[in-house]
Amino acid sequence: MSLGIAGLKLALVDNKGAVLTGTNGIYKYTTTASSDKTGIFEVTVDNSFGVASVALTNLFGSTTDVFGNNKLVYKSAGKGNAQSVLTINALPNEIKMAVLGMPSDDKGGFNITGKSDSNNRVAFLAESAESFDIKKPVYIGMYMGTASEASQTLTSNNANDNRTTDAITIAQLERGDDGFGKYFFSSASKFDKSAMLADVFKTASSGLGV
């Protein structure tokens, strides 16, 4: 289904999935927070050296066999505990701290709390392409989730530079009846990019239905 990874957009959202902006949003720790109107950070080659990968797991739950009349007659399907891992080459530090929900001391320090902030929710939209046609984008949008970074290893340079990427795990939550998120295909007859962005990155006035 996918060919490469072409881009990623991130936003902080409230408990109903509405994008937070300004000093409450993803730019909260940057000098541009007061002028931020969208609340969306786009990962680019210029600002982050690009996104390396987006991995999604546990999209489906396990099944349980149901027997009747000595036959296997039904599969009871459980819901998956969806999880995403976003690997970005060099996410700006202040954006990363906002995504992880790390509290700032307003002096350049950010507290290592030892646990995820369950009230700090992240939405994202990733762009790839059809497996054999780079000109036909496909997208995965996830509505909200709690972010964490389990480990960070600093390694000495030697004959080669040894650098780490930013690997952020997002434990997905459901946005009311909307579920975890959606696939979007540009090849679909009624694909609407603006509608896709409005769906993933909802505003407080758009009617969330939750």
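The values are calculated or read from the model by the stated rules, or taken from the named source; none is laboratory data. Bear in mind that the values here come from a model prediction, so they are computed numbers and not experimental data. A quick note on method: Cβ atoms are made from the backbone with ideal geometry, for glycine too, and the neighbour counts reach across all protein chains shown. In case anyone asks, the SASA skips ligands and DNA or RNA and just uses the protein heavy atoms, side chains included. Shrake-Rupley method; radii C 1.70, N 1.55, O 1.52, S 1.80 Å.
Computed from phi, the 3J(HN,Hα) profile of segment 79-88 under the Karplus parametrisation 6.51, -1.76, 1.60 (θ = phi - 60°) reads 8, x, 9, 4, 9, 10, 10, 9, 10, 10 Hz, with x in place of Gly and Pro.
Karplus-derived 3J(HN,Hα) values for segment 173-181, using 6.51 cos²θ - 1.76 cosθ + 1.60 with θ = phi - 60°, are 10, 8, 8, x, 7, 6, x, 7, x Hz; glycine and proline are entered as x. Counting each DSSP H run of 4 or more residues in the chain as -39500 (n - 2.57), what helix-only mean residue ellipticity at 222 nm follows after dividing by all residues, to the nearest 500 deg cm²/dmol? It comes out at -2500 deg cm²/dmol, rounded to the nearest 500.
Each residue was assigned an accessible area with a 1.4 Å probe, and for Asp166 the value is about 20 Å². Tyr29 contributes about 60 Å² of solvent-accessible surface, heavy atoms of the protein only, 1.4 Å probe.
Taking the Kirkwood radius as Rh and the Cα radius of gyration as Rg, segment 44-149 has a ratio of Rg/Rh equal to 1.15. Rounded to two decimals, the Cα-based Rg/Rh of segment 141-210, with Kirkwood Rh, is 1.19. Solvent-accessible area per residue in the chain equals 59 Å², computed with a 1.4 angstrom probe and all protein chains kept.
The portion of the accessible surface of the chain made up by carbon and sulfur, rounded to a whole percent, is 50 (1.4 Å probe; DNA, RNA and ligands excluded). Per q in 0.16, 0.24, 0.26, 0.29 Å⁻¹, report the Debye log10 I(q)/I(0) for segment 1-68, using one uniform scatterer on each alpha carbon and no solvent. Results for segment 1-68 at q = 0.16, 0.24, 0.26, 0.29 Å⁻¹ read -0.73, -1.07, -1.12, -1.18. With a Förster radius of 22 Å applied to the C-beta separation of Lys75 and Asp177, the computed FRET efficiency comes to 0.40. Proximity of backbone amide H atoms, modeled 1.01 Å from N, is registered between Arg121 and Val13 at under 5 Å, excluding neighbours fewer than 5 places apart on the same chain. For Lys136, the accessible surface of its heavy atoms amounts to roughly 90 Å² (probe 1.4 Å, protein chains only, rounded to the nearest 10). Between the entries (1) 31, 19, 17; (2) 31, 22, 21; (3) 33, 23, 16, the label attached to semi-axes √(5λ) of the Cα gyration tensor in Å calculated for this structure is (2). Taking amide H as placed 1.01 Å from N in the peptide plane, the amide H of Ala204 sits under 5 Å from that of Val19, each at least 5 places away or on another chain. Separation of segment 79-93 from segment 115-185 is 3 Å, based on Cα centroids.
Heavy-atom accessible area with a 1.4 Å probe sorts Thr165, Thr30, Thr155, largest first, into Thr155, Thr165, Thr30. Annotation: aspartates and glutamates with alpha-carbon distance below 19 angstrom to Lys16 (same-chain offsets under eight excluded): Asp117, Glu174, Asp177, Asp178, Asp199. Using the Cα gyration tensor of segment 98-150, with a ≥ b ≥ c the square roots of its eigenvalues, what is the shape: rounded (a/c below 1.5), prolate (a/b larger than b/c) or oblate (neither)? Because a/c hits 1.5 or more and a/b exceeds b/c, segment 98-150 counts as prolate. Residues in segment 125-136 carry Karplus couplings, in order, of 9, 10, 10, 10, 8, 4, 3, 10, 8, 5, 7, 10 Hz; the curve used is 6.51 cos²θ - 1.76 cosθ + 1.60 with θ = phi - 60°, and Gly or Pro positions show x.
Summarising the amide proton neighbourhood of Ser2: residues at separation of 5 or more, or on other chains, whose placed amide H is nearer than 5 Å comprise Ser131.
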